[in-house]
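Read through the structure below, which is laid out as structure tokens, and then see the notes.
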Amino acid sequence: MVAARCARAALGILAAVWPLGPAASATTLHVSQSPLAGVPVTAQVRTLGEAAARARAGDRVVIHGGTYPEAVTIEADGTRERPIRFEAAPNAVVVVTGADRLLDWRKEPSPEGENVCSAPWPHRFIGWSPTGTHPADDYHKLIGRAEQVFVNGYALHQVLSRTQVGRGTFYADLEGRRLIVQASNNAALGPDSAWSPRVEASVRQTLWDVRGDRVLTRGIAFRYGATQAQQALVRLGGAGDAIEDCTIEHSNTDGADFRGPGQAARRCRFMDNGQDGFTGGNAHGLLISDCVIRNNNTKNFDRGWGAGGCKVVLSRGVVMERSRFTRNRGHGIWFDIGNEACVVRNCLIADNEDAGVFYEISYGLHAHDNVIARNGLLSSGGAWGANGGIALSSSPGCLIERNLFFGNKEGFQFREQMRRTPRIGAAEGAPEVWVWNHHDTVRGNLFAYNRDAQVWGWWTTFDERHWPERMQTARRERPSYVPEADFAREYQAALDGGAPRGLSLEALALGFSGNVYAVEEGRGLFHWAAPWLRNRRYTRLDEVRRELGLEQGGVVATVAFADPLRDDFRLPADVSAQVRNAAPRGVVPGAQAGVAAPVAGAATRPACASRRRAATSSRRASGSPGSRARPGGWPRARP
């Protein structure tokens, strides 16, 4: 025993002076722009790039406060047990910027009283494109450029010629190698950093390129990258990489891009980016948790190509939870191309200009317990069927349950066209497979006061698959009118071998059941088929059940919320069980849902009144929406 203890003590001493294994070799490295007292000189570096070059599995890189004008690549791998950690020091504000401050200004010829100035500009970001833009089409002639200029934090508007330069604009003269600028307030620009406005121009593209596995990044703000379309400010490429408590903002195009399995973003903010808040491809098992995705696609990229809150392709098992997707200029959440078994739960998805959730040519979405409000009200041309609360576009096997759809252009939508998609894991060159809406279930949701319809099936195929067999016609002619605007027009498939044949509503096996519909007088209830085809606009659920065999157990009812103007969607305590069960369960950040506790001292509603209200709701289950339905009507919550 004594010998064993002595041996262990000797090994401990040896380990202190000579690491015995990987666990002992982990180090803490400090990044600071000035020397740190009390930290060994050998444990300090001045740049993030140097820290990234030195970091190995198990190492911790502590970043002290400051603005770091760098573009960093992290090649080393961590492991599950010993990840590499890059994190802000306690109480530190750490910013990684793609912009440099410009001070070498000269006055340019300009009208009297106007301060037009220029500085050297050696940068050309999209050299492979003959137009200097991506995409290289007329729509993106300005939008697709990569230059950005900020004066005291305010973005200037780019113009395409020297003659167009005026207050609040800039022009990148690539041939003359000059950046020509006029501040919005006409301030004179000069070399003295003490008095000259702070003019910053984006000169770096991807700022944080993680290529190794198991790298955690925490507590850093990334901004001002001169990225081109579909290029991100932050890119995660290794298995198990994660970002936490980071802000990713003012990228010229995409904020972050996830390109590896098992990655995660926790408590991050993706805001004010030019194209998408974030994107993902082959990002199997991606987790987006407790994040804010707000005001993205500020440059107005083509929304039919990729722009808005986020876009994910060819990924399996993605989970987005407890996050806020708000005020994005496009879709809030967009899954496109062969995704499988994705989940959106307990999110606030509100005020996005196109669809709240657009699930396109993908499989098996489970969307539940979300608050989905006021989406699609500023939708782009051609977004029909993709500008409501949730839109399923040629996507089978989905389950939509316990969501609140409030005040959207339309509540739930099907969008059906002739579409095909690649599949995850398919061999290179493998043919795409046909995909269409079938075996989708919409149950136990609360559709309340959506503008044009609570449910609208935008079926546009000419085979009448959306009608029961008994309602299909023998002559299935193409209509004389088809809308010119369609943002998925170029992605439709030709009618060649393998296209689905002989479909009917029975074969599609769509399920609607137990939903609650609160409809204002004159608003749509349940619309079926695109308006340029034979279509029906049902005003009563019993008609939907009789003709389509859908919406078993659904009811039309008056529903009152506490205060929708404050996203307080709590229901009265005495609400019926069916309405109660259709409300989202669990916490939804930024909104309140569920049932409110009775107000102390409030008068109890007489039992006979409750019975009368229940009887009215029961009658409306088979009748038309009542004229008294409205989104308020009980005392608002106190501030």
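The values are calculated or read from the model by the stated rules, or taken from the named source; none is laboratory data. None of these values were measured; they are calculated from a predicted model. Note that each Cβ is placed from the backbone with ideal geometry, even for glycine, and that neighbours are counted across all protein chains shown. The protein model used for the area step is the full one, side chains on, heavy atoms only, and it has no ligands, DNA or RNA in it. Shrake-Rupley method; radii C 1.70, N 1.55, O 1.52, S 1.80 Å.
Numerical summary
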read-out: Per-peptide average of other Cβ atoms within 10 Å, ordering 369-378, 197-206 highest first; value: 369-378, 197-206
read-out: Amide hydrogen neighbours beyond the local backbone of residue 393, cut-off 5 Å, H modeled; value: 359, 360, 361, 415
read-out: GluC sites (Glu not before Pro) lying in DSSP loop within the stretch 26-118, provided at most 10 other Cβ fall within 10 Å; value: 81, 112
read-out: Total charge dipole magnitude, the chain, about the Cα centre, Cβ charges on Lys, Arg, Asp, Glu only, Debye to nearest 20; value: 1960
read-out: Ellipsoid semi-axes in whole angstrom, largest first, where each is sqrt(5λ) of the Cα gyration tensor of the stretch 37-79; value: 18, 15, 8
read-out: √(5λ) per eigenvalue of the Cα gyration tensor, the stretch 72-208, largest first, Å; value: 33, 22, 12
read-out: Apportionment of accessible area to carbon and sulfur, the stretch 250-293, percent (1.4 Å); value: 48
read-out: Stokes-Einstein translational diffusion, the chain - Kirkwood Rh over all Cα pairs, 0.692 mPa s, 37 °C, in µm²/s; value: 120
read-out: Per residue solvent-accessible surface (Å²) - the chain, probe of 1.4 Å; value: 42
read-out: In the stretch 95-167, chymotrypsin sites (Phe, Trp or Tyr not before Pro) in a DSSP loop with at most 14 other beta-carbon atoms within 10 Å; value: 128, 139
read-out: Area of residue 311 that stays accessible when all protein chains are in place (1.4 Å probe, Å², to 10); value: 30
read-out: Cα pair distances exceeding 23 angstrom across the stretch 320-432, given as percent; value: 24
read-out: P(r) weight above 18 Å for the stretch 135-240, C-alpha pairs, percent; value: 59
read-out: Diffusion coefficient, µm² s⁻¹, Stokes-Einstein with Kirkwood Rh over alpha-carbon pairs of the stretch 264-363 at 37 °C and 0.692 mPa s; value: 257
read-out: Under the span-like rule (Cα at least 15 Å along the axis, Kyte-Doolittle mean at least 0.5), DSSP H helices of the chain; value: 2-17
